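The values are calculated or read from the model by the stated rules, or taken from the named source; none is laboratory data. What you see is a predicted model; the values in this text were computed from it and never measured. Note that we place each Cβ from the backbone using ideal geometry, even for glycine, and neighbour counts take in every protein chain shown. These area figures cover heavy atoms from the full protein model, side chains too; ligands, DNA and RNA do not enter into them. Shrake-Rupley method; radii C 1.70, N 1.55, O 1.52, S 1.80 Å.
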Amino acid sequence: MGRRRKGDPVSGWVCLDKPLDLTSTQAVGRVRRAFGAQKAGHAGTLDPLATGILPIALGEATKTVPFLMDSSKAYRFTIEWGSTTAGFDREGEVIATSDVRPSRAEVEAALPAFLGEIEQIPPMFSAVKVDGERAYDLAREGIEVDLAPRTVTIHGIEVLDQPDADHVELELRCGKGAYVRAVVRDLAIMLGACAHVSALRRTAVGPLNESRAISLEALEELCNTGDRQEALLPVETALDDIPALALTTEDAFRLTQGRSIVLLPRQAEALKARLDQGSRVVAAFEGERIVALCEMRAGRLNPTRVFQLT
């Protein structure tokens, strides 16, 4: 008999508004303890110096983490002109200074170069792996490595405000893998200036945004008073873009047993019309309960992730 996992079998998503000076791992730990959950994880690291949306998965929701990891994201951030730091954030060691202070018009004129699919080199202080080690660990040891550029997608970038000559505030909407600090680095180079990120807030990850977020203090208070369900979003929250199929009780049982089911021709055609190009993933439901994530092939649904929900 296997060892019973400690904690409660609670499952769902928490849209946490992460505070400053807290790592993503620390935030996950506090949320897990607040719920007394058996299992927890997050969908996309936020630096300690960043605030905002940190999606945290509990229990069976951890099986859907990759779908939020691949979702689009939105950020609000402030560029401070005049100094470049090693990590392009406000706590890094200053490595260069300049008297250049680009105007709002100059910044806006440069931004179209960052739209669409672009090649971006990640910052040295990033979680990118180099020969099995994180780039930020190598950077802290003073080891210089050449990080390969990669293709990222920027859906939108615009200036929100320029409160003074030293600062400009922007909003960025992007796909997976884009770095705000790399955008600031490259923008400063284009404008012949020195700069770093002085404030950063993530405002959205996929369907999760500030209107659905809860602070850590409010969440812990709800859990202490026994109202924790108010802070918990359904497991399927991460699957907004995945076509759903309603099952009979018999078919639901088959999928929970790891067996495939045969689709009716009209079901298969309807699902094909709703699938994104190249995708075969379907979310199978019995009533309002998600049963499994499946791969559709040749008119059949084959379960790839089965959910143990009651």
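Can D137 be described as in a loop (DSSP other than H, G, I, E, B), at pLDDT below 85 and over 18 Å from T51 (Cβ atoms)? Considered against the rule, which asks whether it is in a loop (DSSP other than H, G, I, E, B), at pLDDT below 85 and over 18 Å from T51 (Cβ atoms), D137 comes out as no.
The condition (being of a type in the set (A, V, I, L, M, F, W, C), over 12 Å from L245 (Cβ atoms) and over 27 Å from the mean Cα position of the chain (by Cα)) is satisfied by just one residue among A270, A298: A298.
Using the structure shown, decide if D47 is under 20 Å from K176 (Cα atoms) and acidic (D, E). Yes. Those residues that are part of a helix (DSSP H, G or I), free of Cβ contacts under 8 Å to residues at least 12 places away in the same chain and either open to solvent by less than 40 Å² (accessible area, probe 1.4 Å) or among the aliphatic types (A, V, I, L, M) (or both), I need them from region 254-279; list them, please. Residues satisfying the conditions are A270, A273. Report whether or not A246 is over 27 Å from the mean Cα position of the chain (by Cα) and more than 23 Å from E117 (Cβ to Cβ). Against the criterion (over 27 Å from the mean Cα position of the chain (by Cα) and more than 23 Å from E117 (Cβ to Cβ)), A246 qualifies. Checking T45, T51 one by one, the residue that is of a type in the set (S, T, N, Q), within 16 Å of the chain's Cα centre (by Cα) and part of a loop (DSSP other than H, G, I, E, B) is T45 and no other. Note on region 94-104: among residues that are in contact with a Gly (Cβ under 8 Å, 6 or more places away or on another chain) and charged (D, E, K, R), the one that is most open to solvent (accessible area, probe 1.4 Å) is D99.
Per the conditions (1) touching an Asp or Glu at 6+ places or on another chain (Cβ under 9 Å); (2) within 30 Å of A165 (Cβ to Cβ), the sole criterion not satisfied by P102 is (1). All told, R185 falls short of being at pLDDT 95 or above, of a type in the set (K, R) and either touching a Leu at 6+ places or on another chain (Cβ under 9 Å) or on the phi > 0 side of the Ramachandran plot (or both). Filter region 194-238 down to the residues that are at pLDDT 95 or above and among the basic types (K, R) and list them by number. Once the filter is applied, which keeps residues that are at pLDDT 95 or above and among the basic types (K, R), region 194-238 yields R201, R202, R212. Scanning region 66-93 for residues that are open to solvent by 80 Å² or more (accessible area, probe 1.4 Å) and either at pLDDT 95 or above or touching a strand residue (DSSP E or B) at 6+ places or on another chain (Cβ under 8 Å) (or both) returns R76, R90, E91, E93. Taking the conditions exactly as written (part of a helix (DSSP H, G or I), of a type in the set (D, E, K, R) and modelled with pLDDT of 95 or more), does D99 satisfy them or not? Taking the combined requirement at face value, the residue does not satisfy it. Within region 9-29, not a single residue is within 24 Å of D240 (Cα to Cα), surrounded by fewer than 22 Cβ atoms within 10 Å (Cβ to Cβ), aliphatic (A, V, I, L, M) and touching a Ser or Thr at 6+ places or on another chain (Cβ under 9 Å). Out of curiosity, is A109 farther than 21 Å from G177 by Cβ and not polar (S, T, N, Q)? Yes, satisfied.
Matching residues to (1) free of Cβ contacts under 8 Å to residues at least 60 places away in the same chain; (2) open to solvent by 60 Å² or more (accessible area, probe 1.4 Å):
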{"site": "G177", "(1), (2)": "yes, no"}
{"site": "V184", "(1), (2)": "no, no"}
{"site": "R212", "(1), (2)": "no, yes"}
{"site": "D227", "(1), (2)": "yes, yes"}
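Residues in region 287-302 that are in a strand (DSSP E or B), out of contact with any Asp or Glu (no Cβ under 8 Å at 6 or more places or on another chain) and free of Cβ contacts under 8 Å to residues at least 60 places away in the same chain: R289, V291, A292, C294, E295, M296, R297, R300.
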